[in-house]
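All remarks here apply to the structure that follows.
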Amino acid sequence: MEKATFAGGCFWCMVTPFDELEGIHGIVSGYTGGTVENPTYEQVKSGTSGHYEAVQITFDPEVFPYKRLLDLYWPQIDPTDPDGQFQDRGPQYRTAIFYHNEQQRKEAEESKQAVADSGRFKNPIVTAVLPASEFYAAEDYHQDFHKKNPKHYKEDRAKSGRDEFIEENWK
């Protein structure tokens with residue numbers, strides 16, 4: 001098993017694209033990249049902890065290669081937005097790929113370049129490719145939020161503008 005860590009704005013919206021796919025053995029919503037140990041949601045939400053909201057995926061690379069995870073990741077985000085994602089603004093909602101080994105770094109950089117070279121976007125691709133650091137699981141009520149609170153999740157996602165952006169720019 002390997003781990004992959006992605007920040008793409010609200011972590012609730014970053015779980016569903018990877019959920020229940022063969023070869024993916026777990027998805028944890030959490031926080032990474034900052035300076036506060038064991039941060040709370042309120043600390044991260046304040047934008048002062050340095051952490052990103054992120055998901056950490058445990059996967060079997062023989063069944064679900066890392067490149068396939070990257071191929072799923074990019075169409076979930078606006079990779080040109082340096083200030084957050086959709087309705088979620090602030091440094092905690094920036095996009096990033098956190099690599100866990102040299103092969104992941106190489107594949108992440110190549111995939112970022114492919115998005116840049118695609119001509120799909122006029123603005124530069126600002127999604128960071130960073131070394132993985134300590135990952136802190138978010139509070140229990142954030143885990144599998146889309147399943148525990150489907151009505152709230154659907155309402156929040158609908159007003160975020162994420163789906164319209166995906167439809168317009170990635171389909």
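The values are calculated or read from the model by the stated rules, or taken from the named source; none is laboratory data. Here the structure is a predicted model, which means the values were calculated and not measured. Virtual Cβ from ideal backbone geometry, glycine too; neighbours counted across all protein chains shown. Just the protein is used for accessible areas: all its heavy atoms, side chains included, with ligands, DNA and RNA removed. Shrake-Rupley method; radii C 1.70, N 1.55, O 1.52, S 1.80 Å.
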In region 112-162, which residues are open to solvent by 70 Å² or more (accessible area, probe 1.4 Å), in a helix (DSSP H, G or I), under 23 Å from D71 (Cα atoms) and not polar (S, T, N, Q)?
D117
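Can you tell me which residue among D83, D71 is within 15 Å of the chain's Cα centre (by Cα), free of Cβ contacts under 8 Å to residues at least 40 places away in the same chain and surrounded by fewer than 20 Cβ atoms within 10 Å (Cβ to Cβ)?
Working: D71 fails: free of Cβ contacts under 8 Å to residues at least 40 places away in the same chain.
From the options D83, D71, the qualifying one is D83.
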Just a yes or no: is a residue in region 88-101 surrounded by fewer than 18 Cβ atoms within 10 Å (Cβ to Cβ) and assigned to a helix (DSSP H, G or I)?
yes
Per the filter on region 117-171, residues in contact (Cβ under 8 Å) with a residue 24 or more places away in the chain and of a type in the set (S, T, N, Q) are N123, T127, S133, Q143, S160, N169
Go through region 1-54 and count every residue that is part of a helix (DSSP H, G or I) and open to solvent by 10 Å² or more (accessible area, probe 1.4 Å).
5
